[in-house]
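Take a look at the structure below.
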2 protein chains.
Amino acid sequence: MRTFKILEIKESVFDDNNRQANILRDELKKEKTFLLNLMSSPGSGKTTTLVKTIKALKDEMRIGVMEADIDSDVDAFTISETGAKVIQLHTGGMCHLDSDMTKQGLEGLGTDDIDLAILENVGNLVCPAEFDTGASKSAMILSIPEGDDKPLKYPLMFSIVDVVLINKIDVLEHFDFNLEACKERIFKLNPNVKIITISSRTGEGIDEWADWIRNAVKEWNQ
Amino acid sequence: MRTFKILEIKESVFDDNNRQANILRDELKKEKTFLLNLMSSPGSGKTTTLVKTIKALKDEMRIGVMEADIDSDVDAFTISETGAKVIQLHTGGMCHLDSDMTKQGLEGLGTDDIDLAILENVGNLVCPAEFDTGASKSAMILSIPEGDDKPLKYPLMFSIVDVVLINKIDVLEHFDFNLEACKERIFKLNPNVKIITISSRTGEGIDEWADWIRNAVKEWNQ
């Protein structure tokens with residue numbers, strides 16, 4: 001049984017996304033809702049990571065999740081099983097969300113009772129990097145099977161995030177992935193970024209990631 | 001030492017991409033150049049698959065590769081080591097190639113001495129699916145670590161290709177991936193698609209994939 005809404009997102013009418021994003025960020029700050037924008041390639045483990053993240057934090061804060069996809073509602077189903085509030089956003093073919101589309105999602109979700117809102121953006125390393133969603137902080141997941149050269153090929157995404165989660169660390173031995181070289185490439189693009197290696201399957205690193213969120217939410221509400 | 005060109009692709013001036021794509025396809029047909037458009041998520045193994053494909057076919061046909069990326073030239077370097085003709089295309093942040101951008105690439109590559117031209121499109125399951133590049137045939141790679149639910153979430157991409165290569169089959173046992181369920185989802189979207197399971201690392205399935213290309217090139221030149 002589906003316990004969540006599906007919202008068809010409309011194309012934005014605003015020309016100046018950066019301005020709208022700042023307005024949205026101010027509104028969220030006032031109402032003490034922290035918005036995390038989570039981005040990655042398709043299949044890097046955003047949803048599985050979110051399930052583990054929600055389990056780690058749900059007794060301390062009220063969490064709401066927006067699942068953005070071109071189509072389907074499989075991710076919203078998965079998240080709804082954690083007990084977190086969730087809405088599925090359908091982007092109608094659009095490859096990213098801007099701040100107005102994010103705002104539509106937040107209104108659909110309802111944030112009065114939410115301390116931590118998470119946007120699981122469309123799986124795409126290119127377009128979402130170009131649009132400020134109005135989020136308090138942005139994070140991305142790079143998974144081991146994708147390869148250690150991804151920072152070279154998608155530099156903008158690695159440059160604009162506050163955290164990079166390197167996921168699927170449990171299968172590192174089965175892939176040709178140079179973890180140190182990858183970290184160096186990321187720091188070269190973004191010297192102040194936080195990098196956390198995790199396994200959304202085994203739970204490795206989730207404590208450190210949950211701590212990072214705790215601190216970020218605390219700072220946001222000061 | 002770099003033995004290939006890097007071409008900065010310009011934004012297209014044409015409104016009607018489908019018309020331009022058909023014109024390009026006709027031109028390629030006349031000059032007996034087969035153009036394959038290869039798409040996938042970032043990190044699914046396009047370049048490694050191409051290296052194996054070139055090795056399988058280079059004694060039978062003259063191969064040229066266009067490596068499209070936002071930035072970097074790591075893939076063109078890898079391909080150039082096979083001895084195949086290669087050009088690196090920089091899309092300047094653009095998330096896909098349309099037929100005019102593909103034509104710029106083909107002109108940069110030079111196709112007079114090429115039987116099989118391969119476009120390695122930008123790593124992205126969303127935007128490239130929406131633009132006909134003028135290719136003779138289109139293929140995509142889905143890799144096992146990405147998950148068996150991808151056809152549900154990126155249906156357009158799976159609908160428009162002639163072949164789906166399911167790559168990294170050598171690590172199947174380390175991931176929760178239901179191969180039969182995945183194939184069913186793909187066939188539901190695209191009943192006539194060819195699905196080939198491969199490992200670009202071990203070479204499994206590359207013979208079947210090379211055979212598919214051989215036949216497609218033969219048909220193209222009839």
A:Ile118 - would you say it is within 25 Å of B:Cys95 (Cβ to Cβ), in a strand (DSSP E or B) and not aromatic (Phe, Trp, Tyr)? yes
With the requirement that a residue be in a helix (DSSP H, G or I) and over 20 Å from B:Pro151 (Cβ atoms), what does the range B:195-211 give you? B:Ile206, B:Asp207, B:Glu208, B:Ala210, B:Asp211
Those residues of the range B:28-73 that are more than 26 Å from B:Lys150 (Cβ to Cβ) and either within 14 Å of chain A (Cβ to nearest Cβ) or among the aromatic types (Phe, Trp, Tyr) (or both) come to a total of 2
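So, in the range A:75-110, exactly how many residues are away from chain B (no Cβ under 14 Å) and surrounded by fewer than 19 Cβ atoms within 10 Å (Cβ to Cβ)?
Number satisfying all stated conditions: 7.
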Picked from the range A:131-151 (must be within 9 Å of another protein chain (Cβ to nearest Cβ) and under 22 Å from A:Ile206 (Cα atoms)), the residue surrounded by the fewest Cβ atoms within 10 Å (Cβ to Cβ) is A:Gly147
Can you tell me which residue among A:Thr82, A:Thr78, A:Thr47 is in contact (Cβ under 8 Å) with a residue 60 or more places away in the chain and among the hydroxyl-bearing types (Ser, Thr, Tyr)? A:Thr47
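Determine whether the range A:152-173 contains at least one residue that is part of a loop (DSSP other than H, G, I, E, B) and within 11 Å of chain B (Cβ to nearest Cβ). Lay out the reasoning, then the answer.
Kept after step one, since they are part of a loop (DSSP other than H, G, I, E, B), are these residues of the range A:152-173: A:154, A:161-162, A:168.
Checking the rest, the ones that are also within 11 Å of chain B (Cβ to nearest Cβ) come to A:154, A:168.
Taking every residue of the range A:152-173 in turn, at least one turns out to be part of a loop (DSSP other than H, G, I, E, B) and within 11 Å of chain B (Cβ to nearest Cβ).
None of the figures in this text is laboratory data; all of them are computed from the coordinates on show. This structure is a prediction, so every number in the text was calculated from the model and none was measured. For neighbour counting, all protein chains shown are included, and Cβ atoms are generated from backbone atoms with ideal geometry for every residue, glycine included.
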